[in-house]
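This report concerns only the one structure given below.
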Amino acid sequence: MKIPYYPGCTLHERALDFDKASRECARALDIELEELEIWTCCGAVFPLTTDSVMDILAGVRNLAYASRLGDKVVTLCSFCYNVLKRANKVMRDDPEKREKANLFLKADTDAREGIESYLKEDYTGQVDVLHYIEMLRDVVGFDKIRERTKADLSGLKVAPYYGCMLLRPKKEMEFDDPEQPQIFEDFLEAIGCDVVDFPMKTECCGGFQIVREEDTAVACSQTVVNSASRRGADVIITTCPLCRYNLDELQKKMEKSVTGFRKIPVIYFTQLLGIALGIDEECLDFSDNYVDPRPLLAEKSLV
């Protein structure tokens, strides 16, 4: 089965380990992620202004590209998912902005001489934006994943970190309960892990504060890591490259400022899925992690 795939800038440039592991896992589950032939940055952050259509055009243009390939598009990055999902809702619910956006898209297409039009018809929100974890649940099925699991992950205590962008705002994202989400817990149970519930799993890691207010990002991320640690987690999983960076890389700062600080590996959920499916470690690539998960995984006989 082919499903259109939007990788986004970070997975295309920096989070190559996330992209590679996710493609390999999809292939092992009989899914081919068909990368959009044409795509651009989604815009990174959904605009707070409500009186302009310009700020959502980057996201809408990618959705229009995806509509040429099918009625779904899958993405992985939490920021990309948030932007695309919310831009899509605008196109479905706001007739005035929908009309203006399509006028801009048509002008964009007409200006690209010699390039086949990506806008066969007005884009009205006809593509469903799926996060990869939703694809695993709704297209593949957690039961099938359970059947395909080869490695024994029992005894590995995994804390699922959702962060902010997947869950909020609730009415626009419709991803899961923003206070008590369950989808990652169900996924972890399907691949045989011991799920660690911890209070800070839906709290912010500090996000883009790392750019200008590093101390703020360190404080936010440390709260999350400490929360998982107190509950006995061996590893934290995430689905956001920025969250992975903040929670993992900033442990350098945390261990210098906190006596007895316990480091915890932070990995992408598809890397853990790859271990469960028996995918070669080389395809999962843990070389970019500050807190190397491989000693822990070797101790558990998982690599």
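The values are calculated or read from the model by the stated rules, or taken from the named source; none is laboratory data. The shown structure was predicted, so the numbers you read here are calculated from the model rather than taken from an experiment. Quick reminder, even Gly has a Cβ in these numbers, built from the backbone with ideal geometry, and neighbours come from all protein chains shown.
See the values below:
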| read-out | value |
| --- | --- |
| Any pair with Cβ under 6 angstrom, 6 or more apart, that starts in the range 88-102 at a residue that is farther than 12 Å from Leu63 by Cβ and ends at one that is of a type in the set (Val, Ile, Thr) and crowded, with 19+ Cβ neighbours inside 10 Å | Lys97/Val53; Lys97/Val90; Lys100/Val53 |
| The one condition in (1) surrounded by fewer than 24 Cβ atoms within 10 Å (Cβ to Cβ); (2) within 24 Å of Phe198 (Cα to Cα); (3) touching a residue at least 24 places away in the same chain (Cβ under 8 Å) that Ala151 fails to fulfil | (2) |
| Qualifying position, being at pLDDT 95 or above, closer than 16 Å to Phe175 by Cα and part of a helix (DSSP H, G or I), among Ile145, Ile133 | Ile133 |
| Residue tally, condition under 16 Å from the mean Cα position of the chain (by Cα), assigned to a loop (DSSP other than H, G, I, E, B) and closer than 23 Å to Ile275 by Cβ, over the range 183-203 | 1 |
| Any hit, the range 96-115, residues being touching a Pro at 6+ places or on another chain (Cβ under 7 Å), outside the structural domain of Thr239 (by TED's automatic domain parsing) and at pLDDT below 95 | no |
| First in the range 292-303 and more than 13 Å from Val266 (Cα to Cα), second anywhere and of a type in the set (Phe, Trp, Tyr), Cβ under 9 Å, 6 or more apart | Val303/Phe286 |
| Single match in Asp17, Asp51, Asp55 (criterion: charged (D, E, K, R) and touching a residue at least 60 places away in the same chain (Cβ under 8 Å)) | Asp17 |
| Any pair with Cβ under 6 angstrom, 6 or more apart, that starts in the range 132-148 at a residue that is closer than 22 Å to Phe79 by Cα and ends at one that is of a type in the set (A, V, I, L, M) and surrounded by fewer than 17 Cβ atoms within 10 Å (Cβ to Cβ) | none |
| Residue under evaluation Asp194, criteria (1) more than 28 Å from Arg148 (Cβ to Cβ); (2) surrounded by fewer than 21 Cβ atoms within 10 Å (Cβ to Cβ); (3) of a type outside the set (Val, Ile, Thr); (4) at pLDDT 95 or above, criterion not met | (1) |
| Scope the range 225-245; condition among the aliphatic types (A, V, I, L, M) and under 18 Å from the mean Cα position of the chain (by Cα); matching residues | Val235, Ile236, Ile237, Leu242 |
| Out of Asp215, Asp186, Asp176, sole residue that is touching a residue at least 24 places away in the same chain (Cβ under 8 Å) and acidic (Asp, Glu) | Asp186 |
| Filter result for Leu57 (touching a Cys at 6+ places or on another chain (Cβ under 9 Å), surrounded by 14 or more Cβ atoms within 10 Å (Cβ to Cβ) and assigned to a helix (DSSP H, G or I)) | no |
| Filtered residues of the range 204-226 (kept if in a helix (DSSP H, G or I) and among the charged types (D, E, K, R)) | Arg212, Glu214, Asp215 |
| Residues located in the range 232-269, provided they are touching an Asp or Glu at 6+ places or on another chain (Cβ under 8 Å) and among the β-branched types (Val, Ile, Thr) | Ile264, Val266 |
| Residues of the range 10-50 that turn out to be part of a loop (DSSP other than H, G, I, E, B) and aromatic (Phe, Trp, Tyr), as a count | 2 |
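One line per residue, one yes/no per condition, for (1) touching a helix residue (DSSP H, G or I) at 6+ places or on another chain (Cβ under 8 Å); (2) part of a helix (DSSP H, G or I); (3) surrounded by fewer than 18 Cβ atoms within 10 Å (Cβ to Cβ):
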site: Ala228; (1), (2), (3): no, yes, no
site: Gly232; (1), (2), (3): no, no, yes
site: Ile237; (1), (2), (3): yes, no, no
site: Lys256; (1), (2), (3): no, yes, yes
site: Thr270; (1), (2), (3): yes, yes, no
site: Glu282; (1), (2), (3): no, yes, yes
site: Val291; (1), (2), (3): yes, no, no
